[in-house]
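To start, the structure itself, in structure tokens.
No value in this document is a laboratory result; all are computed from the given coordinates. From a predicted model like this one, the values you see are computed outputs, not experimental measurements. Cβ: placed from backbone, ideal geometry, glycine included. Neighbour counts: every protein chain shown.
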Amino acid sequence: MRIAKLFRDSACELKSVKNLCVISLLLALRVCLDFLTLPLSVLCYISFVFIVAGITGGMFGPFVAALFGAIGDILSYIVHPMGCFFLGFTLSAMVAGLLYGLILYKNRFSVLRIVLAEVIVDIVVNVFMNTFWISILHGIGFFELLISVRIPKNLITIPINVGIFIMFSPLLNKLLKQMAV
């Protein structure tokens, strides 16, 4: 029941012109952050898009964040294509937004919630979903890719992502207060 209410409330966030403007600015920021993606190899890269996805999920909820993930992924590919377009990664962006929204929406950006959100998103989306998409695209065995590249990469990036997110949390909590007014 609570999840249905979160989705309903999140969908209602799209009725406000102020919210639509903020979402548009976050979408533009997401596309710009895609230019800062650091490729480590053909199979692995570091991106800062998670910050904007988490902010959108926390401010506007799971419905808006999932929609934001899909639109952001497609726009980023149009503006700055990296490799081929694959709908699986769009689905991953939607699931990441959905998870951020379910965990962070209508709550303060506390350290515990940030750690929980980042760990769950990284495990579900980055470790499993994206590894599956990469294995399909490159014809590499899922478990081979998981053990050799994806798990080590995410063991390194999870603490970094959490640290970056925590650094921004006081600013984000202040922004949430101002948006509520």
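Quick notes on this structure:
- Working note: Debye formula, equal point scatterers on the alpha-carbon atoms of the stretch 68-179, no solvent; log10 I(q)/I(0) at q = 0.20, 0.22, 0.24 Å⁻¹ is -1.16, -1.26, -1.33.
- Among complete DSSP H helices in the chain, those whose alpha-carbon atoms stretch at least 18 Å along the helix's long axis and whose mean Kyte-Doolittle hydropathy reaches 1.6 are 17-34, 49-79, 87-104.
- In straight-distance terms, cross-link reach from Lys177 covers every one of the lysines whose alpha-carbon lies under 23 Å from its own, apart from those fewer than eight places away in the same chain; here that gives Lys5, Lys15, Lys18, Lys106.
- Electrostatic tally near Ser135: other residues with Cβ closer than 11 Å to its Cβ, Lys and Arg +1, Asp and Glu -1, net 0.
- Counted charge near Phe68, where neighbours are those whose Cβ lies closer than 13 Å (Asp, Glu -1; Lys, Arg +1): -1
- Helix-only CD estimate at 222 nm, as mean residue ellipticity for the chain, using -39500 (n - 2.57) per DSSP H run (n ≥ 4): -24500 deg cm²/dmol
- Springs join every pair of Cα atoms under 10 Å in this Gaussian network model of the chain, and among Leu26, Leu40, Leu67 the largest mean-square fluctuation is at Leu40.
- Gaussian network model of the chain, springs between alpha carbon atoms under 10 Å - residue of Lys15, Lys153, Lys106 with greatest fluctuation: Lys15
- 5 angstrom amide H check on Tyr45, placed H, neighbours 5+ away: Leu40
- Calculated FRET value between Ile160 and Phe86, using beta carbons and R₀ = 41 Å, to 0.05: 0.95
- Taking the chain as a Gaussian network of alpha-carbon nodes connected by springs under 10 Å, the highest mean-square fluctuation of the residues Leu104, Leu171, Leu116 belongs to Leu171.
- Size of the stretch 6-101 as Cα extents on the principal axes (Å, biggest first): 40, 21, 19
- Counting Cα-Cα pairs of the stretch 128-181 in 10 Å increments starting at 0 gives whole-percent bin shares of 22, 29, 20, 19, 9, 0.
- Debye intensity ratio in log₁₀ form over the Cα atoms of the stretch 52-125, taken at each q of 0.21 Å⁻¹: -0.81
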